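Taking it in order: structure first as structure tokens, then the write-up.
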Amino acid sequence: MQYHQTQLQALLASTTAFATEQNTNALLKKIVIHAGEVISAEGVAIFVLDVTKTYLNLKVAKWLDEVQEVNETEGIPLQSVGQFNTDNICVFAALTGKPQLIDDIYAGFIGFDFSSIYEQDKRYDTKTRSLMVVPLRDHEEKTLGVLLLANARNQQGEPSSFVAMEALALSFAAHAAVALNNAYLIDANKKLIDLLGETNQQLEKENKHLKQSRKRLNNYQIIGESQTMQQAYALMDKVVASPVNVLLRGETGTGKEVFARAIHNNSERSNKPFITQNCAAVPEQLLESELFGYKKGSFTGATTDKKGLFDEANGGTLFLDEIGDMPLNLQAKLLRVLQEGEVRPLGATQSHKVDVRIIAATHCDLEGKITAGSFREDLYYRLSVFPIFLPALRERGDDVIVLAKHFIRLYAKNYGNLPARLAPSTIEILKSYSFPGNVRQLQNIIERAVLLVESGTAILPEHLPEQVCNAESAESVGTELQTFSLENLPVKQSLKKAVQDYESALIERYLQANNWNQTRTAEVLNMPRRTLVEKINRYKIVTKGKRDG
């Protein structure tokens, strides 16, 4: 078949145009324009399969010299009512992969439904005669779409047949499909590159955050990276740069003073004093003079003026541990300091300003103490502007072993030993133990083990305290007490007497489980030791000659 020189030139021009175009939409437009020049058709349209392979969507159409970008999203369905829509010539060509040529669609051809073209001719006052639909297939013979050409013309511009141009059309469609497939790949690569760029940016942010977290952990000098500790660190991050007062809450031994010191050391007050005072460790009158100071002659023995801890901590931080055990009288004076920023020493007639940040800590149920009338509600709200709950050691997962190894290195150095290692069985025991005394208890356990074990050898279960290895016996006490039933109570008994009987039985059982060690029993029951001693005396619980904690 001989082709006109202008057609061959147009084919070569299209090859160059397609090779230099990477944008899919621009390429579709070029395919339509060059198809009309190479194959000499009045009308050209390109349909592309959507990503779901369920629709042929019209993207670009050209009639004579007018080009229109359509970009349909739901065009011709490939299936209708569960069957392939083969009545449509474009769908048929796409499914079969074979070109379709019709010389005159008005000549009573029955194979396809041309009603939509008839309506379009009527609407736009056009006359569609010959049609050729060529599938666009990639190198794997997968259909990308179809190219529709209408009204073939010869070189003189007269109506002709597409039969004479079929081979040329197939050649054009082949390299158009290659170009389209390449454009798809380039688009996909660009999307992947953009996605990788976004992912890398996200990773960089996460790495930066992790580095900041690591730096923060190093700054705080607190051991532990569990999720519960991360939550506590996040709250500390918010408060270190603020002068707001902080309330640290958590069980005994969770390291409240360590956290308080970390907050101070990372704040703007780090170069100022950090003063600590345990509010439960001294009597009320002595605590008052410790906190507020006194003037010479204010009481017997006051031979000189003495600065209080608020003055000692001026410009820095005062850590008030066990604030829940502070006497009510002193709570009122502390509230005045928080409200007015002023202190008045014992025996003084005037107050003076102090600049002190308060970090308070407690293991008590302050809300319960407010209800019982032993803690001021207004002081509670002043202190709990920014509460931080410190997790118990049993809630910190593998931090138990990380801390244990840290204490091993610490005490091995203190005692001049080589660091010991934890035997696997010891690790399992430590991970399963509930540690009622939290980090402080673990620290004591490891110090004892380092003293017992040979230098540089393994810490075995036999080097651990008996109550740690036999934790199940202590836990069984709680299980046994859970079986407490109203059916076992006397028929006639006051509520007060029933509660006392239960409390007495519970304390005695926990004393037995902890080998009558009062300090350890108080930690397990989450109560001050002096309160436990008072209850032992009140209920006349006999310790049976066992050692006192």
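Rule-based calculations on the coordinates, nothing more; no lab input. What you see is a predicted model, and the numbers here were worked out from it, not measured in a lab. Cβ: placed from backbone, ideal geometry, glycine included. Neighbour counts: every protein chain shown.
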Debye, to nearest 20: dipole size of region 227-388, +1 on Lys, Arg Cβ, -1 on Asp, Glu Cβ
400 debye
By the C-alpha gyration tensor axes a ≥ b ≥ c (rounded if a/c is under 1.5, else prolate when a/b exceeds b/c, else oblate), the shape of region 392-469 is prolate
For region 311-459, with the dipole built from +1 on Lys and Arg beta-carbon atoms and -1 on Asp and Glu ones, taken about the Cα centre, which of Leu430, Leu335, Ala449 lies farthest toward the positive end?
Ala449
Ranked His139, His175, His34, criterion: other C-beta atoms within 10 Å, fewest first
His139, His175, His34
Dipole of the chain, Cα-centred, from +1 at each Lys and Arg C-beta and -1 at each Asp and Glu C-beta, to the nearest 20 debye?
3100 debye
For Gln22 and Lys353, FRET efficiency with R0 = 41 Å and r from the beta-carbon atoms, rounded to 0.05?
0.05
Restricting to DSSP loop positions (anything but H, G, I, E, B) with no more than 15 other Cβ atoms inside 10 Å of their own Cβ, which chymotrypsin sites (Phe, Trp or Tyr not before Pro) remain in region 395-466?
Tyr415
Hey, can you grab everything whose amide H is under 5 Å from the amide H of Arg129? Only 5+ residues off in sequence or another chain; H modelled, so Pro and N-termini drop out.
Asn151
Name the residue from Leu12, Gln155, Asn470 whose Cα lies farthest towards the positive end of the charge dipole of the chain, charges +1 on Cβ of Lys and Arg and -1 on Cβ of Asp and Glu.
Asn470
Among (1) 152; (2) 339; (3) 224, which is the computed volume of the Cα convex hull per residue in Å³?
(2)
Label model pair Ser115, Ala167: point-to-point distance (7 angstrom along the Cα→beta-carbon line) in nm is 4.0 nm
Pairs beyond 28 Å (Cα-Cα), from Lys205/Lys431; Lys53/Lys191; Lys272/Lys369; Lys296/Lys353; Lys272/Lys405:
Lys205/Lys431; Lys272/Lys369; Lys272/Lys405
State to the nearest 20 debye the size of the charge dipole of region 1-63 about its Cα centre, where the only charges are +1 on K and R beta carbons and -1 on D and E beta carbons.
120 debye
Does region 25-171 classify as rounded, prolate or oblate by the C-alpha gyration tensor (a ≥ b ≥ c root eigenvalues; a/c under 1.5 gives rounded; else a/b over b/c gives prolate, otherwise oblate)?
rounded
Helix-derived [θ] at 222 nm for the chain: sum -39500 (n - 2.57) over DSSP H runs of at least 4, divide by residue count, nearest 500?
-15000 deg cm²/dmol
Given a Förster distance of 35 angstrom, what is the FRET efficiency for Ala107 paired with Ala188, based on the Cβ-Cβ distance and rounded to 0.05?
0.20
Length gained, Arg336-Glu367, 0.36 nm per residue minus C-alpha separation, equals 9.1 nm
May I ask you to compute the full-extension gain from Ser80 to Val258, defined as 0.36 nm times their residue separation minus their alpha-carbon distance, rounded to one decimal in nm?
56.8 nm
Local electrostatic count, Asp113, Cβ distance below 13 Å [Lys/Arg +1, Asp/Glu -1]:
-2
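Report, to two decimal places, the Cα Rg of region 1-64 normalised by 2.2 N^0.38 Å (N = number of residues). Don't skip to the answer; put the middle values down first.
Values: Rg = 13.2 Å, N = 64, 2.2 N^0.38 = 10.7 Å.
Cα-based Rg divided by the globular estimate yields 1.24.
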Put a dot 7 Å past each Cα toward the Cβ at Glu140 and Asp305; how far apart are the dots in nm?
9.0 nm
For Val48, what charge total do you get from the other residues with a beta carbon under 13 Å from its beta carbon, if Lys and Arg give +1 and Asp and Glu give -1?
-1
Can you list which of the GluC sites (Glu not before Pro) found in region 52-82 are DSSP loop residues with at most 16 other C-beta atoms within 10 Å?
Glu72, Glu74
Pick out, from Ala183, Ile39, Leu366, the residue whose Cα sits farthest towards the positive end of the charge dipole of the chain, with +1 on the Cβ of Lys and Arg and -1 on the Cβ of Asp and Glu.
Leu366
Computed FRET efficiency, Cβ-Cβ of Ser242 and Asp87, R0 56 Å: what is it to the nearest 0.05?
0.15
Output the relative contact order of the chain, whole-number percent, from Cα pairs under 8 angstrom with separation of 6+ residues.
10 percent
How about Lys62: which aspartates and glutamates have a C-alpha closer than 14 Å to its C-alpha, ignoring those fewer than 8 places off in the same chain?
Glu37, Glu42
Over 23 Å between alpha carbons, listed pairs Lys238/Lys307; Lys256/Lys535; Lys497/Lys535
Lys238/Lys307; Lys256/Lys535
Grab the Cα-Cα distance for Asp65 and Asn265, subtract it from 0.36 nm times how many residues apart they are, and report the gain in nm with one decimal.
64.2 nm
For every other residue with a beta carbon closer than 14 angstrom to the beta carbon of Thr317, add +1 if it is Lys or Arg and -1 if Asp or Glu, then tell me the sum.
-1
